[in-house]
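Data first, discussion second: the structure below is written as structure tokens.
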Amino acid sequence: MLSKAMEKSLNEQIALEGYASFLYLSMASWCENQTLTGCAAFMFRQSEEERQHMLRIFHYINDVGEHALTPAVAQPPYEWPSIQVLLEQVYAHEQKVSASIDRLVAQSYEEKDHKTLSFLQWYVEEQREEETLMRTILDRIRLIGEGPQSLYYIDKEISAINKIQVAEKAAEGGA
Ligand code: OFO
């Protein structure tokens, strides 16, 4: 059982994770259109991860006897001026998700809802990892700079990061 307020907040988090999944899918499509195949693979995987984040909350709400709601589908943006801008937007979106998780944690404390507090710990850690990853990517892109071959090197770099992520997640046993 959850309070009505907590059920609503968790359903809003489902919508945020679902939107992230669609936003990253749209970004993957843009990358593929630009022949940035390494970036596209990275964004497809990020999109799938967000879907898993959404489902994890979905199951939690139903498992505790409440009602998980499927969010409305809002069309995300589909054009970006550059891969640098796109990746900065991923970082901004992750920060937004982290702030939302922090609010949920605060709400769990206030309501003395220990099971939701415990459930949210996974998300706190996941968001810390995601923000670190995106900061690393943005730092590397700044190091690569904006010369004529920069797109080639950015794509190569993100492809390498993606492969490391895939291996790490596989070692952890999933998303
Ligand atoms: Fe689920 O928001 Fe990113 O990781």
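The values are calculated or read from the model by the stated rules, or taken from the named source; none is laboratory data. No experiment lies behind these values; they were computed from the predicted model shown. Quick reminder, even Gly has a Cβ in these numbers, built from the backbone with ideal geometry, and neighbours come from all protein chains shown. Calculation scope for accessible area: heavy atoms of the full protein, side chains included, ligands and nucleic acids excluded. Shrake-Rupley method; radii C 1.70, N 1.55, O 1.52, S 1.80 Å.
Suppose accessible area is computed on protein heavy atoms with a 1.4 Å probe; arrange Thr136, Thr37 from highest to lowest.
Working: Thr136 50, Thr37 90 Å².
Ranking Thr136, Thr37 by accessible area, largest first, yields Thr37, Thr136.
Based on C-alpha coordinates, I'd like the Rg and Dmax of segment 4-171, in Å.
17.1, 56
Using r as the Cβ-Cβ distance of Lys4 and Thr70, and R0 as 30 Å, what FRET efficiency do you calculate, to the nearest 0.05? All intermediate terms of the calculation are to be shown ahead of the outcome.
Working: r = 19 Å, r/R0 = 0.62.
Calculated value: 0.95.
Longer than 28 Å from Cα to Cα, which of Lys4/Lys169; Lys115/Lys169; Lys115/Lys163 are they? Say none if no pair is. Could you put the intermediate results ahead of the total?
On the way: Lys4/Lys169 34 Å; Lys115/Lys169 25 Å; Lys115/Lys163 34 Å.
Pairs exceeding 28 Å: Lys4/Lys169; Lys115/Lys163.
Helix-derived [θ] at 222 nm for the chain: sum -39500 (n - 2.57) over DSSP H runs of at least 4, divide by residue count, nearest 500?
On the way: 5 runs with 140 residues, N = 175.
Here the helix-only value at 222 nm equals -28500 deg cm²/dmol.
Between segment 48-124 and segment 1-39, what is the C-alpha centre distance in whole Å?
8 Å
Under a cut-off of 21 Å between alpha-carbon atoms, report the lysines in cross-link reach of Lys96, not counting same-chain residues fewer than 8 places apart.
Counting by Cα, and skipping residues close in sequence, Lys96 has these lysines nearby: Lys8.
Please compute P(r) over all alpha-carbon pairs of segment 1-50, binned at 10 Å starting from zero, and give each bin as a whole-number percent.
Cα pair-distance distribution for segment 1-50, in percent: 30, 33, 20, 13, 4.
Counting only GluC sites (Glu not before Pro) that are in a DSSP loop and have at most 12 other C-beta atoms within 10 Å, tell me the longest site-free stretch of the chain. Working shown, then result.
Working: sites that count: Glu79, Glu146.
With GluC sites (Glu not before Pro) excluded where exposed in loops, the chain gives 1-78 as its longest stretch.
Provide the per residue accessible area, probe 1.4 Å, for the chain, rounded to a whole number of square angstrom. Before the final figure, lay out the partial values.
Values: 9400 Å² over 175 residues.
Heavy-atom accessible area per residue stands at 54 Å².
Within 10 Å of each candidate Cβ there may be at most 10 other Cβ atoms; applying that plus a DSSP loop requirement, which trypsin sites (Lys or Arg not before Pro) in segment 50-150 survive? Walk me through the intermediate numbers first.
Details: sites: Arg51, Arg56, Lys96, Arg103, Lys112, Lys115, Arg128, Arg135, Arg140, Arg142; in loops: Lys112.
Here the trypsin sites (Lys or Arg not before Pro) that fit, given the DSSP loop and packing criteria, are Lys112.
Computing the accessible area with a 1.4 Å probe over protein heavy atoms, can you report the carbon and sulfur percentage for segment 46-175?
Values: 4120 of 7560 Å².
Answer for segment 46-175: carbon and sulfur cover 54 percent of the accessible area.
In whole percent, what relative contact order does the chain give with Cα contacts below 8 Å and a gap of six or more residues?
Answer for the chain is 28 percent.
What do you get for the angle between helix 4-33 and the principal long axis of the chain? Use alpha-carbon atoms, 0 to 90 degrees, nearest ten.
Value to nearest ten degrees: 10.
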